[in-house]
Each structure stands twice: as C-alpha cells, then as structure tokens.
1. Using the Kirkwood radius over Cα pairs, work out the Stokes-Einstein diffusion coefficient for the stretch 153-239 at 37 °C and 0.692 mPa s, in µm²/s as a whole number.
2. Could you order the peptides 314-320, 126-132 from most to least packed, using the average number of other C-beta atoms within 10 Å per residue?
3. Give me log10 I(q)/I(0) at q = 0.08 Å⁻¹ for the chain, Debye formula, one equal scatterer per alpha-carbon, no solvent.
4. Got a sec to turn the phi values of the stretch 39-53 into Karplus ³J(HN,Hα) couplings, 6.51 cos²θ - 1.76 cosθ + 1.60 with θ = phi - 60°, whole Hz, x for Gly and Pro?
5. Beta carbons within 10 angstrom, averaged per residue: use that to sort the peptides 10-19, 393-402, 50-59, highest first.
6. Using only the C-alpha atoms of the stretch 286-363, find the volume of their convex hull and express it per residue in Å³.
7. Starting from the amide H of residue 471, placed 1.01 Å from N in the peptide plane, find each other amide H under 5 Å away whose residue is 5 or more places distant or on another chain.
8. If I ignore ligands, DNA and RNA and count only protein heavy atoms, how much of residue 367 is accessible to a 1.4 Å probe, in Å² to the nearest 10?
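The values are calculated or read from the model by the stated rules, or taken from the named source; none is laboratory data. Values in this document were obtained by computation on a predicted structure and should not be read as measured data. Cβ: placed from backbone, ideal geometry, glycine included. Neighbour counts: every protein chain shown. Side chains included, ligands, DNA and RNA excluded: accessible areas come from the protein's heavy atoms. Shrake-Rupley method; radii C 1.70, N 1.55, O 1.52, S 1.80 Å.
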Amino acid sequence: MEQSFNEENFDFFPAKSQILKSATKEAFARLSFTFEKEHLEKIIDAALDSSSSENDRYVCACILENARVASSGRFPICQDTGIATIFGWATHDFCFDENSGEQIFEGAKEIYDEKKLRFSTSVPVSFWKERDSGDNMPPQISIFAKNCSLAPEPQFAKNLPKESLALLFVAKGGGSSNKTSFIQGTKAYLSREKFIGLMREQISKFGTSACPPYSISIVVGGLSPEQNLLALKLATAGAYREMTHDANAQAFRDKEMEEIAMQIAKETGFGAQFGGRAFAISATVVRLPRHGASCPISFGVSCCAHRNLRAVVTKDGFFLEKTVLDPTNLPRFFEATAFKKNEKSNGISLNTNNGIEYLRDSLKSLVPGTRVLLSGKILVARDAAHARWKNLVDEGKNLPSYVFSYPICYAGPARTPDGAVIGSFGPTTAGRMDAYADFLMSRGASLVTLAKGNRSESFIDACKKYKAVYLGTPGGIAALIASEYIVSQKIVDYSELGMEAVRIVEVKNLPCFVLTNANGEDFYGNAR
C-alpha cells in the first residue's frame, strides 16, 4: 500500500515490547536537541535575506549557533522544554491495550528526567496555591481513531500500513502557547477587507516575547470552538504542512492568505526580536467547515525553537522522522552564522559588578536598539519569586537585600547537565512581571531588568518615572547562552520553587539590547 509518509525521511527502530514507550522516549530525546532540516533552512534563508536588518541577521545567526550547540545532546534547544504533547491517529486494527497510555506517559516521564529537561508544570494543591510537579507530568495525550479525529488528519497519518499508529510529538513552550487568540465570530468576518484587517491586528499582537522568527498559524471555521483550536494546535506543530491548497476539499490551506500573512508580518517592523523584516519564516492558514451561525477564528505561533517530530508505530517497531544531527553540514550555515562573529566589536561592554547605579547611569541615555555586552553578576527571578516578594511587603516585612544589588533577569533555566555550570538558560516573557514594576522600582529595586519581548505602557511609564532601564536578551538561544556566556550560578532563595528559584548568575559578554531607556524611549514603539 502506498504510504503518505516517505520512509527515506524516517529512521526505523525495531522493537518487540513497549514500543510506545520506546518511541516516546526516542522522539522527545531527538526533538529536544535537534531540528528538522526544513526549519533550519528557513532560518538560514532569513539570515541571508537582503531585506533582513542587521539585528535580524544577528539573531538568526545566534539561533543557528544555538542549534549547533544543542545538537551535541547536552544542552536542550530551549530552557522551556515544554509540556510533553502527543497526538496520534490509529488504524482500525492497531492493537491498543490497557498499558498503551501508560507506556506513553512513562516514556515522557523518564526521558524528561534522564535528559534533565525542565520541569515546567505547576500542580494545584488548592484553587489558589500550586507546587512544582517535580517531573513535568502529566503529558497531554490525544489519540484518535482514523477518520474520527476532532480535527483534520495530517497527510502523513493517511494511507498507513496495517496495524499502525501515526504519532506527532510536540514540546510546546509556554511563551508561544500564550500568544494563542480565539474569536467566536460570524460570517461578517468572511470578507477580504475585514479579514485582512483582523490579521493585521492579531499578528501585531504577537509581539516578540515568544521568540520570533515565528511559524504563524491561522484557522478559520470549524464545526465547534474545540475543533478550531485543536486544528490550530496541530497547525502550529507543522501537522498540515502537506495539506492541499485545493479549495474543493472540505478543509484546505489558502495560499493567498498565507502570502498576505507573511507580508503583514514583515510590515510589523518587529523583525527577529529587535527590529527588521524577519518576524516570520512561514504561515499556515487553514479553512474549515463551520456552522452557519458562527465562524470561530484562531491565531497562534510556534517560536524559533520549533520542536515537533513525526513517528509511525507498527507491530515490528517504529519509524521516527530524521533531524539534523550536525547543522554545520547544511549549505550556507557558516555564511549565515558569520553575522555573529563580530558581536564583541559591535557592542558596549558593561560590568554589573561596578554596582547598580553605575550600570543604570551607563545605560540610561543609550538609544533603544543599542547592543550591550553584559558581564558580572545578575539576579535571576521570575513570576513566583516576584509574587513572594510582594507577599513579604504585604505582610509588613522587608524585601530581601539582594533585590537592590543586581539587575534582575527573568528566567527559569533547564536542569543542569552533569559537569555543566547551568542548564539551558534563556529569558522569559517580560510582560508577566509588569504588574510588579512600580511596586519594586518605588522601593529602589528592579531598576535594570533583562528579559525578552515588548512591555506595557505602564512599565514604560515606570521606567521614565524611576529612571529604570530594560534590556532585551535574544530568545531562542538558551543552549548557546548556557555554554558560552554563563560563568557560574548559585541559588540564593526559594530553592523549593525548582526552575523558579532565585539565583545569582555570573555572565561574561552576554548580548543584550537596550529596549526601554530611562527617558521612557521604547524600542518597539519606534520599530513600527
């Protein structure tokens, strides 16, 4: 029988027992450290595109260098190794038993532990309080009978051999998931002018905090909100990359709308995080059937750490999609990464060990977009720590002394590999901490911050009011940062928070960009 998946693009692993567990472990081990060839080629194209800005080229070069570092299997591609998500489509004769789901569960659990991937899942202990799961479980598992899926089947799941199961493994980080938007619309949206206007509005809302260049997905229609959103999730995971553009099908991709989406992305001015044209490397626009009274519409992205992998399980073993084991073998890799070579000569070197006032004074008037190479000690703290600091003050207690001594970097690293200084380390979305800006700045803390993405007007106003500065560190290069820019780390508070514990980390020539200066001048406000 002709298969829709090409065996030449897959590696085969023979197995006679616990095939689902073995496939799950091998898949997450592979996708956490290596990329599909198509994805890396698109990053190379963006780096070498004549319309890309200098900052576009620099960020894309860093992303490619990050892929090189991660491919060794020590540091995962991104610090946010994601929720383990598994989709499957089974032939009617595939043999499920009572242990099938348990095998997938155990496979995900074991590989996240063995590869020291980050445990990002918070488990509720009451409606308000949570704890670190300690193992990143549970995974999200959705297995469908063929032709009975809630959303359209991917092409690779069709025409399978007998007794087989097509699987799509996804490591989806919180940053890109948070960019999902949903509109329960009506037919009124189905006019060219109105819909293009909606695309402009929603694509600009993505901002940069989820680490562009993005793979953008848009789904229009669906027999229910659930079908629409599941199709969006699959689209962001690349499930529909072979879907036909044939409008005679009930579900199809619209090539024209995809081209318009890409043009809109270029026109945002956001670029690959720090201004330019390389905001997106692909767009997928899927049109589905709908109830005549409603038209669900959703928008989403996959970040530059685009981690998805296909597999086909048979009774004899499993096929697993090939990835690039050594990115340096790709054509034009070294040409594209050359844009990173001169970073030390193109940035202003500053040392945090000279004190927070020195650092703030050195940064306060720099033009947004200026590149800075930061060395010295920084404080690492994000959502949970900020909430605890707020609770201390609410209870009449003092803030810890360390919050006044260092710039604060919002990050939650992956677990540390044996013999390494730290696990994959990258900035988290800055905007989540905006609610604490005035609270901390008014008390003399958080006067220099490091993270990723655009921030709110209230934060920019606070910077102007308290003469504070916000620096952006490139997202999507966590393996590179851990291996090249971090000298040491020490947990100083809240160790029970796991990856959200407060740390002091020493960096050397960490690349940053001034995004908001002490005059309230904001890079993203100027970029558009």
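1. Working: Rh = 15.1 Å.
Translational D for this selection: 218 µm²/s.
2. Numbers: 314-320: 19.1, 126-132: 10.0.
Taking the mean over residues of other Cβ atoms within 10 Å, the ranking is 314-320, 126-132.
3. -0.51
4. 5, 5, 5, 5, 5, 4, 4, 5, 5, 9, 5, 5, 8, 6, 7
5. On the way: 10-19: 13.8, 393-402: 11.2, 50-59: 20.2.
So the order, starting with the most tightly packed, is 50-59, 10-19, 393-402.
6. Values: hull volume 24.9 nm³, N = 78.
Looking at the stretch 286-363, the number lands at 319 Å³ per residue.
7. Excluding prolines and chain starts, which carry no amide H, the hits are 449, 450, 451, 515.
8. Accessible surface of residue 367 is approximately 100 Å².
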